[in-house]
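Readers should treat all values here as calculations from the given coordinates under stated rules, not as data from a laboratory. Bear in mind that the values here come from a model prediction, so they are computed numbers and not experimental data. Here Cβ is always computed from backbone atoms with ideal geometry, including for glycine, and neighbour counts include all displayed protein chains.
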Amino acid sequence: MKKLISGLALCFALALTTPAAAQETGAQVLYLDLEQGQQVAVIGSLVEGGQLAEAQLLLDGSVFNEGDFGYQAAYLQAVIYRQTGQFEQAAVLLRQILAERPEFRLVRLELAQVLAALDQAEGAQFHLNILADAAENAGEREFFEAAIDAVRPEDRLSFSTFLTIAPSSNLNSGGGQGTVLISGLPFQLGTTPESGVGLSYGGTAIYTIPLQNDRQLYFAGAGQVNEYPGSQFDNQILTGRVGLHLGPVTRRATVEFVTDQRWVDGNSSDSSLGLRLAGRLSLGDGMRVEGEYNYSDRNFRISPDQINQDVELTFRKALNAQLGFSLGVIVEDSATLLDANSYDGLGIEIGAYRGFANGLLLDATAEYKERRFRAVSVVAGGVREDAITRLRLSALSSQLQYRGVTPRISLTWTHSASNDVRYDYEAYGAEISLTSRF
């Protein structure tokens, strides 16, 4: 696998770069008399020719402070590290370059090679996916797809865990109103017990079976525990998934069957069976279209059963390596035995991300959704209508990490405007989670 990805990378490197070897002048020219660009070209020729010791001597004795020559020299140093088996040093140096200049495709490809050599297949695929999405033509995209297949992890079984803060389960305690009238009788909203902020943790196990022709069958199981100060709010969720991936990651379709079971305060609360259909298509030039359909039949122990369906279509565009945006449309349908609790929904979601030279990545999304219910609600005094606005801002810095794990901080603001006072509220949330740095 490592030899194959190295060979593919070499072919692509030759296609991306044009050697700038020193011109023959008929007279002997000292290395020190060359301009910085010519010095980098000489070192590059030595590295390409396998003369690593000589290239290292020149790198150690040279200063590159003009234009992008410093980055080019650092890249060559990383190549030497990789070819001499110093993979960790190479990864650190390449990540530093990408933190400041994420548009350098050859550097990202080199990092993918290093991560593959370190058996970090998921990280290698992450960077190759970025390159595939930004491919300038079909030939480049096919090259990166072949590279992604080449670094497919040999271990079929993988695990992941998470630990985060669980927000209060009922932030919508009636907004600013304490009492409402239901059929002429007063109802005290403020008497509703609140869970408070808790802790959420769990893990996922995935077993993948590679099939022929870019197909993968997978089985996944996940467990999640949400604990609050009051045990009556504690809940546990078990989820099982069986799915099939069809096609390479840049032109992929997924069919997945899902089931879950939830317990609240030690008692069975609800369960569901569902289906998920998803697809993504890379259009080149940093553009990608994604679509997803979800269906679930949820059975409650003490409430009417519910069938939920939603469709989401998203367009994503990377303007450059540090800036991009997304635009999505969401259509919802929820049906129960009570029409007053059944609704149709329509919404939009706009997102953007911005990377900075210091390694900081900001990701923001704004979502607006309207829901109209299908029958008169006694509490609303008519047909219930909700308008939900949600803003989310996440921050991630490559400068803050420990053993490849980086904290992500997210802030969320939600405003629900409804003619049913129970769902007319404003809520704030904060989340700290850990993510792998690729």
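Taking all Cα pairs closer than 8 Å and separated by 6 or more residues, the relative contact order of the range 90-163 comes to 23 percent.
Sorted into 5 angstrom bins from 0, the C-alpha pair distances of the range 200-287 split as 3, 12, 17, 17, 14, 12, 10, 7, 5, 2, 0 percent. Mean separation of Cα pairs under 8 Å and 6 or more residues apart, divided by the residue count, gives the range 261-368 a relative contact order of 17 percent. Per residue, the convex hull spanned by the Cα atoms of the range 305-347 amounts to 71 cubic angstrom.
Taking the fewest neighbouring Cβ atoms within 10 Å as the starting point, the ordered list for 302, 409 is 302, 409.
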